[in-house]
Amino acid sequence: MKKLFKIVLTGSLALLCFSCYYDEFLEEEEIIIDPTETVSFADDIIPIFLSDNCAQCHNATLDPDLRAGNEYSALVPDYVTANNANGSKLYTKLAQDNHRDLNATSLALIKEWINRGAENN
Ligand code: HEC
């Protein structure tokens, strides 16, 4: 009986830990961008580049050249395939490669912008 209690206790502790971890994981990953709201390159994406100061490194000396005014032509089509974020270096580099420590909302916006056609809007 004691042994059974131990097994049940260990089992529920493990389950408890896992469920906390799982909740945190979901909170971080599941950012849903409102489908009725526009994702704008000028208003939503460029500010991410500015706040992370991408152009400090990405300028005339390193592609993509993300200096002000040059961002769209530097990215599309070389680093962005419209409607395919997972096939776009801009997204995969930032999302999977730990290139920069962007927050989940910024990543979700970049993904949505690409998957909605990567317009220069
Ligand atoms: C501290 C310098 C630095 C900053 C800031 C920086 N990058 Fe980079 N980035 C690099 C270097 C160096 C490389 C090339 C080596 C590599 O692929 O990691 C690179 C590679 C890349 C690539 C892949 C290029 C290729 O040809 O494969 C992309 C896309 C990219 N960065 C986007 C960004 C974006 C967007 C930002 C801002 C959110 C940013 N980077 C901020 C240094 C930086």
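Brief remarks on what is shown
- In this view, the solvent-accessible surface of LYS93, computed with a 1.4 Å probe and all protein chains in place, comes to about 70 Å².
- Probe 1.4 Å - accessible area at TYR72, Å² to nearest ten: 60 Å²
- Probe 1.4 Å - accessible area at HIS99, Å² to nearest ten: 80 Å²
- Under 12 Å from a label point set 7 Å out along the Cα-to-Cβ vector of ASP43, the amide N atoms of region 80-121 belong to 121.
The values are calculated or read from the model by the stated rules, or taken from the named source; none is laboratory data. Here the structure is a predicted model, which is why all the values come from computation and not from measurement. Here the Cβ is made from the backbone with ideal geometry for all residues, glycine too, and neighbour counts use every protein chain on show. Just the protein is used for accessible areas: all its heavy atoms, side chains included, with ligands, DNA and RNA removed. Shrake-Rupley method; radii C 1.70, N 1.55, O 1.52, S 1.80 Å.
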